[in-house]
Structures are given as C-alpha cells and as structure tokens.
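Following this message is one structure expressed as structure tokens.
The values are calculated or read from the model by the stated rules, or taken from the named source; none is laboratory data. Since this is a predicted model, take the numbers as computed values, not measurements. When we count neighbours, we look across all protein chains shown, and the Cβ atoms used for this are built from the backbone with ideal geometry, even at glycine. Side chains included, ligands, DNA and RNA excluded: accessible areas come from the protein's heavy atoms. Shrake-Rupley method; radii C 1.70, N 1.55, O 1.52, S 1.80 Å.
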Amino acid sequence: MRYTASAKLFSASIALFAFGTPALALDGNDLVNKLNAALNFQDGTGIVAGSITVDGSDVTLTDSRFEAGNGQGSVPLGTIELEGVKEDAGAYTIETVSFENIDITQEKTAFTAADLSISDMRIPASSAGDTTDAVLFYGEATVGAIEVKLDGKSVASIGSAKMTSEASDDKKSMTFDVKVADIKGDLSTVEDVEARKTIDDLGINQIDGNISMTGSWDLTSGTLATEEYAFDFANIGRLNMAFSLSGYTLDFLRSVQEAAKKAEASANDEQAQQAAGLAMLGLIQQLSFDSAEIRFDDAGITTKALDVVAKKQGTTGDQLAQMIKAMAPMMLAQYNMPELQKALSEALNTYLDKPGSFTISAKPENSVPVPTIMGAAMAAPNTIPQVLGVTVTAND
C-alpha cells in the first residue's frame with residue numbers, strides 16, 4: 001500500500017511538473033541560419049539581424065538587413081515580424097512574416113515598397129530528401145505598391161504583386177501562380193536621343209500592363225512546366241512563353257547549386273572555372289525537352305514599328321511589309337529547312353497582311369534528351385525542327 005501511494009504521488013508530481021513547465025523557447029538564431037541555408041546563400045550573403053527576440057511563438061528580427069556578401073553592400077530591412085512560429089524536428093513553420101515598408105533613397109533615385117508579407121511559410125531542417133519538405137516553401141507572398149522615382153518624378157511603378165504556391169498531399173509536387181498588376185513606366189525620361197526619337201515615333205511614352213505566370217513542378221520526375229508566362233501591355237501586345245522540361249529533380253538542383261558554389265569559390269582560378277563549366281554542362285545533359293511555345297498577340301505595335309522603320313528607309317509601312325515577305329524565303333533557304341521555311345513564310349505573310357497573332361511551337365512526340373538536341377545541333381542543325389517538332393502559325 002505504501003508503495004502504491006508513493007508511486008501515485010510520484011506520477012502526480014511528474015504530471016504537475018510537465019504541465020507547469022514552459023515549453024522550450026524557440027531558437028531565433030537557428031531559424032535565421034536555416035532560412036539563409038534554404039535560400040542557398042553563401043560567402044556572407046544573407047539576412048542578418050541586429051537582435052533577435054523570442055516571445056512565445058513570435059520571433060522579431062530588429063535592425064535587420066540583407067547582406068550582399070563579398071563587400072557588395074547591404075539593403076536595410078528594418079523590423080521583421082514572424083508570428084505563429086513552430087519548430088518540428090528541426091524544421092520551422094511560420095503563419096505570417098511581416099516586413100516594414102521599404103524606403104530607400106540614393107542620390108537622385110528613390111525606391112519604395114509597401115505591404116510586404118508572407119504567409120504559411122516552411123523552412124526545412126535540411127535540404128536532404130525528395131519532397132517539398134526539403135525546400136523553402138510558402139503559401140502566399142504579397143507586395144503592395146512599388147515605385148521608383150528619379151529627381152522626385154515617378155518613372156516606374158507596380159500596383160501589386162502576389163505569388164501563391166500549393167503542395168500536393170504527398171508533397172511530391174507543387175503548383176505556383178504569380179500576378180504582377182498595374183505595371184507602369186514613363187518612357188519620356190529616356191535620355192538617349194535615338195531611343196527618344198523612336199519612342200516618340202511609336203507614340204508610346206507610357207507603358208501600362210501586367211505580368212502573369214502559372215506552372216507546376218513534379219519533384220519525382222523533375223517535370224518543371226510553365227503553362228503561362230505572359231507580358232501583357234496596352235497598345236503593344238501580349239507575349240506569352242510556355243515550356244516544359246523533365247529531369248529537374250531536387251538531386252539535380254542540389255548538384256547545380258554545389259557546382260555554382262565551387263565556381264564562385266574559385267572565381268580567380270581559370271582551370272577551376274573551366275572544370276566547373278564542364279561539370280555544369282554535364283549536369284544540363286541530365287535534362288530532357290518536353291515542349292515550348294512562344295506566342296505574340298498584337299495590340300497595335302507591329303504596324304507602328306513597320307511605319308517607323310519604313311520612314312527611316314524612305315518608304316511606307318505597307319511597302320516594307322511586302323519587301324519582308326519577298327525576302328524571307330530567300331533568307332531562310334540558306335538554312336536548308338524546307339518544311340520550316342514554308343511554314344514560316346506562310347505564317348509571316350498572313351501576319352503581315354493583318355497583324356493578329358504569331359506562334360512558334362515545339363512539341364516532339366516524346367521528350368528529347370538534351371544530349372540528342374546538342375548532337376543534332378552540331379552534326380545536322382537542319383534536322384532540329386524535325387527533332388523538336390517545330391511548327392509556326394499566324395492569326396490562329
């Protein structure tokens with residue numbers, strides 16, 4: 001009975017001690033070190049804090065700055081607030097990261113950025129592994145208004161930027177989406193005389209548009225794809241680039257980063273640089289080409305550009321278009337690509353008659369290893385269109 005009573009008393013004491021003792025405090029220095037490691041910073045480059053304060057699950061970096069390393073200077077970041085921080089087996093999850101507004105002035109140039117924040121951030125314990133747990137990950141990053149002023153006059157600005165990403169349930173793949181809205185630029189500040197005249201002739205003294213990108217990354221196969229990477233500007237047009245390649249695995253990425261570190265460490269050693277270049281070339285050969293497409297949808301710039309160039313040559317835009325249509329087949333004939341020559345000439349004729357869209361696509365039936373492409377380029381460059389499945393269309 002005495003033994004039982006003592007055991008119960010001992011167990012109760014342990015329980016009271018466990019519940020009454022605060023959890024181990026977060027290690028702010030470890031968090032910052034692992035953040036810089038995940039960003040693959042080196043040689044003194046990274047985020048540095050004047051002081052780090054931990055208050056429960058919140059971490060504050062005061063007088064922080066981004067050091068460029070190698071004496072290249074730093075950018076002040078002020079106070080960075082990390083809220084809802086949790087540590088799990090060396091990794092950190094953070095509910096929100098908030099930054100102070102940026103206001104930097106150097107001589108005649110001023111740069112400002114407001115409302116910078118990141119949410120649902122995860123800092124890996126290490127880069128080992130083959131899932132999204134091995135990379136720096138965040139659910140959403142936003143920036144408010146960004147502006148660049150020269151002599152007090154706004155020359156470029158962005159209304160807002162938002163980047164989101166989402167990992168699959170098995171953490172083997174992820175999707176990402178980027179939106180940069182209300183991009184504006186004042187071209188009237190361009191000082192070069194010839195460039196200034198060309199801008200005036202084109203009648204585009206202000207640019208106004210958006211940038212968007214969507215894509216995915218399968219970490220197992222290494223398939224990295226962008227379905228959309230578009231630059232859409234008023235009175236100019238929309239340029240969209242899409243591509244897909246495979247072999248871009250985490251192992252490949254780590255090897256590239258390691259090769260880059262060695263190259264940077266031996267920047268003054270010519271032989272080491274050559275060796276690093278060969279190593280990088282060998283790594284690239286692990287990739288395969290899946291597809292690519294470049295499409296331009298005209299919004300008035302083609303006709304204006306033809307008129308500007310024609311004026312310099314003493315002719316008209318229509319006459320210049322006819323000259324291009326006549327000369328294109330002869331210029332393309334020297335490359336001995338008859339099928340591509342025919343398709344490109346026909347598409348060019350259609351586009352110049354009535355500028356609408358112009359698309360160049362490369363979609364082979366199966367993925368093509370980079371070494372195969374390189375071999376074809378050296379031995380028989382005229383076979384590249386067939387190897388990659390290149391097609392050209394207009395106004396479709």
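Every residue in segment 43-66 that is surrounded by fewer than 16 Cβ atoms within 10 Å (Cβ to Cβ) and outside any strand (DSSP E or B), please.
Passing the criteria: Asp43, Gly44, Gly50, Gly56, Ser57.
Checking Thr220 against (1) β-branched (Val, Ile, Thr); (2) part of a strand (DSSP E or B); (3) closer than 23 Å to Ala128 by Cα, which test does it fail?
(2)
Condition check ((1) aliphatic (A, V, I, L, M); (2) closer than 30 Å to Ser255 by Cα; (3) crowded, with 16+ Cβ neighbours inside 10 Å; (4) modelled with pLDDT under 95) across all residues:
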| position | (1), (2), (3), (4) |
| --- | --- |
| Leu116 | yes, no, yes, no |
| Val135 | yes, yes, yes, yes |
| Ala161 | yes, no, yes, no |
| Ser165 | no, yes, yes, no |
| Asp182 | no, no, no, no |
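Answer yes or no as to whether Ala242 is open to solvent by less than 60 Å² (accessible area, probe 1.4 Å), under 28 Å from Ala38 (Cα atoms) and among the small types (Gly, Ala, Ser).
yes
What residue, among those in segment 118-133 that are in a loop (DSSP other than H, G, I, E, B) and of a type in the set (A, V, I, L, M, F, W, C), is modelled with the highest pLDDT?
Ranking the candidates gives Ala125 first.
Go through segment 61-114 and report how many residues are within 25 Å of the chain's Cα centre (by Cα), among the β-branched types (Val, Ile, Thr) and within 22 Å of Ser160 (Cα to Cα).
Adding up the residues that qualify gives 7.
Okay, moving on. Could you say which residue among Thr112, Thr131, Thr93 is touching a residue at least 40 places away in the same chain (Cβ under 8 Å) and of a type in the set (Val, Ile, Thr)?
When all the criteria are applied, what remains is Thr131.
Go over the candidates Gly69, Gly84 one by one and state the one that is in contact (Cβ under 8 Å) with a residue 12 or more places away in the chain, out of contact with any Leu (no Cβ under 9 Å at 6 or more places or on another chain) and part of a loop (DSSP other than H, G, I, E, B).
Going through Gly69, Gly84 in turn, just one is in contact (Cβ under 8 Å) with a residue 12 or more places away in the chain, out of contact with any Leu (no Cβ under 9 Å at 6 or more places or on another chain) and part of a loop (DSSP other than H, G, I, E, B): Gly69.
I would also like to ask the following. Looking at segment 334-345, I want the residues that are among the polar types (S, T, N, Q) and have a partner that is surrounded by 13 or more Cβ atoms within 10 Å (Cβ to Cβ) and part of a loop (DSSP other than H, G, I, E, B) with Cβ atoms under 8 Å, at least 6 apart or on another chain. Which pairs are those?
Going by the 8 Å Cβ cut-off, the qualifying pairs are Gln341/Tyr335.
Oh, and also: Cβ-Cβ under 8 Å, sequence separation 6+ or interchain: first residue in segment 371-388 and surrounded by 12 or more Cβ atoms within 10 Å (Cβ to Cβ), partner hydroxyl-bearing (Ser, Thr, Tyr) and at pLDDT 90 or above. Which pairs?
Going by the 8 Å Cβ cut-off, the qualifying pairs are Ala376/Thr383; Val387/Thr372.
Sticking with this one: Given the conditions (1) among the charged types (D, E, K, R); (2) at negative phi; (3) surrounded by 15 or more Cβ atoms within 10 Å (Cβ to Cβ), which single one is not true for Glu194?
Every condition holds for Glu194 apart from (3).
Looking for something assigned to a helix (DSSP H, G or I), touching a Pro at 6+ places or on another chain (Cβ under 9 Å) and open to solvent by 50 Å² or more (accessible area, probe 1.4 Å) - is there at least one such residue anywhere in segment 324-339?
yes
Please indicate, with yes or no, whether at least one residue in segment 108-117 is among the acidic types (Asp, Glu) and either more than 15 Å from Phe137 (Cα to Cα) or in a loop (DSSP other than H, G, I, E, B) (or both).
Within segment 108-117, one or more residues are among the acidic types (Asp, Glu) and either more than 15 Å from Phe137 (Cα to Cα) or in a loop (DSSP other than H, G, I, E, B) (or both).
Exactly one condition in (1) open to solvent by 50 Å² or more (accessible area, probe 1.4 Å); (2) closer than 20 Å to Ser119 by Cα is false for Ser74; which is it?
Just one mismatch for Ser74, condition (2).
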